[in-house]
Amino acid sequence: MLEIEVFEIKGCCPVHRVGDKIVIDGPKIIKERTDALCVHALSVLLHYAVALDHGVDPVQLGLTKPEEKEHAYVQCVDPYEPYTHGGTAIFRVRRVASQENPQRLQEKSDSKQAGVS
């Protein structure tokens, strides 16, 4: 399961506020735990959601630095000033245990270490 937090906003984002969360569990967006959802941001987040949820190292994907490998950082597609009058949101993504199956995160890590997909 992924918890995606709006970490920073440059300019004025009409949808998100700093601290907003989006929660994805497998193929489902958990609406009850999601504050807002922008189609521009979703288009970028979905590129990485499956890989990160399956434990792919965000450092290898170029989404973070080695000293902060528990998080991935992704930015929405709005390029901000001087190109638009909107704003760009930076999201911090991390894997968390599923509410339905709290051991899922540990099992995925164990499988990855054992070389099982």
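Bear in mind these aren't lab numbers, they're just calculated from the coordinates by the rules spelled out. On a predicted model such as this, the values are computed, not experimentally measured, just so you know. Heads up, the Cβs are rebuilt from the backbone with ideal geometry, glycines too, and the neighbour counts pull from every protein chain shown.
Miscellaneous remarks
- For region 2-112, size of Cβ-based charge dipole, Lys and Arg +1, Asp and Glu -1, in debye: 80
- Most to least packed among 22-30, 58-66 [average Cβ atoms within 10 Å]: 22-30, 58-66
- Inter-label distance for Lys28 and Leu46, nm, one decimal - labels placed 7 Å from Cα along Cα-to-Cβ: 1.8
- Sparsely packed loop sites in region 29-95 (the trypsin sites (Lys or Arg not before Pro) outside DSSP H, G, I, E and B with at most 13 other Cβ atoms within 10 Å) comprise Lys69.
- Here is the list for region 1-93: chymotrypsin sites (Phe, Trp or Tyr not before Pro) lying in DSSP coil, each with at most 12 other C-beta atoms within 10 angstrom of its C-beta, are Tyr83.
- For region 1-90: rounded, prolate or oblate by the Cα gyration tensor [a/c cutoff 1.5]: oblate
- Under 5 Å between amide hydrogens, built in the peptide plane, is the criterion, and for Ile30 it picks out Val23, Ile24, Asp25 among residues at least 5 positions away or on other chains.
- On full extension, the segment bounded by Glu8 and Glu68 gains 19.9 nm, given 0.36 nm per residue less the C-alpha separation.
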